[in-house]
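**Student:** To start, I am sharing the structure in question, which I have written as structure tokens.
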Amino acid sequence: MSKHLVRIFPNLAGSPWRTTSPADTTYNCIAWALGETQRWWWPDPLGQYYWPQNAQRESTLEAMREVLVAAGYMECLDGSYEEGFEKVAIYLHQGVLSHAARQIPTGAWTSKLGYLEDIEHQPQALAGSAYGDVALYMKRHQG
Amino acid sequence: MPNLAEETQTDRLQIGTSAWFKGESDTRVIWEGYIVDPIRKRFQADWGNLAPQSLSSTEEQPPSDFVKLTEEWKRDTSHVSSPVGIAMHPSYQRIIGMGEAALSSIFSELQREPHHWFWALAAITGVNPVSPEDRGNMRMMSAAWLKWARENGWTE
């Protein structure tokens with residue numbers, strides 16, 4: 001078990017989770033949630049990182065929702081597993097976009113943690129002082 | 001008599017520490033306050049005393065302050081996805097405050113591994129050699145900066 005992750009996300013200790021990749025500096029949570037491992041996605045104000053061209057370049061829930069709608073997602077009530085759908089969870093920390101996670105067919109969730117590892121986890125296991133809480137769930141038909 | 005340079009540095013770091021945990025709209029404003037000359041000049045002066053030859057070769061050991069600040073920065077931001085949150089860390093801001101004296105060490109780090117040095121490099125050099133189609137591609141961004149470093153005499 002990766003103790004360094006439990007120190008950052010203490011709620012991991014209370015639910016099943018596992019590390020699924022080595023640490024990697026080349027992609028982040030939003031890229032991973034959308035199925036990509038080649039770029040670091042973020043609406044940074046300097047415009048150094050990838051963000052869809054016509055989307056708002058702000059670290060807000062609205063900007064993230066806009067990107068997900070363009071990718072075929074629609075809002076849903078919660079993170080319960082629904083056959084035939086792929087869900088994402090968006091986290092806000094003090095009102096600012098902080099993290100994204102993706103549901104996998106087992107019903108568990110997968111996250112890329114900053115420039116650390118990928119893990120499988122329960123959505124609430126990452127809630128806390130690092131990422132805040134889940135503010136939005138969205139889903140799309142599995143391709 | 002109070003030491004004005006010390007007070008200025010301390011104030012900035014305190015602002016930075018609180019800003020790092022606040023919203024990005026706030027940190028952006030405070031970020032602009034970080035790059036004022038008094039801090040940069042002070043660190044450039046200290047840096048010069050510690051490592052007067054550090055600009056000439058990437059094979060030299062980076063000064064210990066750079067190593068320490070980099071370790072602190074990576075330790076505290078490894079789980080962070082926002083480049084703003086990553087760059088607002090006080091240790092990262094102190095590296096930016098070193099100015100050009102930090103460039104050789106930053107380029108050595110980039111040669112070893114793609115990492116989030118782009119904000120610091122843009123702040124210190126005032127340029128951005130990354131083409132728009134490579135935004136977010138950490139390997140291509142690193143390659144563009146290393147090419148710029150070679151062309152401008154920072155690395156061989």
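**Student:** How far apart, in nm, are two points set 7 Å out from the Cα along the Cα-to-Cβ line at A:Asp78 and at A:Ala135?
**Tutor:** Label-label distance for A:Asp78 and A:Ala135, simple model: 2.2 nm.
**Student:** Long-range amide H contacts for A:Cys76: which residues qualify at under 5 Å (H placed 1.01 Å from N, peptide plane, sequence gap of 5 or more or a different chain)?
**Tutor:** For A:Cys76, the qualifying residues are A:Tyr137, A:Met138, A:Lys139.
**Student:** So for the pair B:Glu100, A:Glu62, with labels modelled 7 Å out along Cα→Cβ, what separation do we get in nm?
**Tutor:** Between B:Glu100 and A:Glu62, the label points sit 4.3 nm apart.
**Student:** Right, another one. What is the order of A:Trp42, A:Trp51, fewest Cβ neighbours within 10 Å to most? Don't skip to the answer; put the middle values down first.
**Tutor:** Details: A:Trp42 25, A:Trp51 22.
Least crowded to most crowded, the residues run A:Trp51, A:Trp42.
**Student:** If you take all C-alpha pairs in the stretch A:3-141, what percent of them are over 18 Å apart?
**Tutor:** Numbers: 5012 of 9591 pairs.
Tail fraction, whole percent: 52.
**Student:** Could you calculate the contour length gain from A:Gln124 to A:Ala70, that is, 0.36 nm times the residue separation minus the distance between their Cα atoms, to one decimal place in nm? Intermediate values should be presented prior to the final figure.
**Tutor:** Details: separation 54, 0.36 × 54 = 19.44 nm, distance 2.61 nm.
Going from the current span to full extension adds 16.8 nm.
**Student:** Quick check on my link table: of A:Lys112/A:Lys139; A:Lys112/B:Lys68; A:Lys87/B:Lys147; A:Lys3/B:Lys147; B:Lys68/B:Lys147, which ones sit more than 30 Å apart, alpha carbon to alpha carbon? It would help to have the intermediate numbers written out before the result.
**Tutor:** On the way: A:Lys112/A:Lys139 19 Å; A:Lys112/B:Lys68 26 Å; A:Lys87/B:Lys147 40 Å; A:Lys3/B:Lys147 38 Å; B:Lys68/B:Lys147 27 Å.
Among A:Lys112/A:Lys139; A:Lys112/B:Lys68; A:Lys87/B:Lys147; A:Lys3/B:Lys147; B:Lys68/B:Lys147, the Cα-Cα distance tops 30 Å for A:Lys87/B:Lys147; A:Lys3/B:Lys147.
Just so you know, all these numbers are worked out from the coordinates, no wet-lab data involved. Because the structure is predicted, anything quoted here is derived from the model rather than measured. All Cβ positions, even for glycine, are placed from backbone atoms using ideal geometry, and neighbour counts span all protein chains on display.
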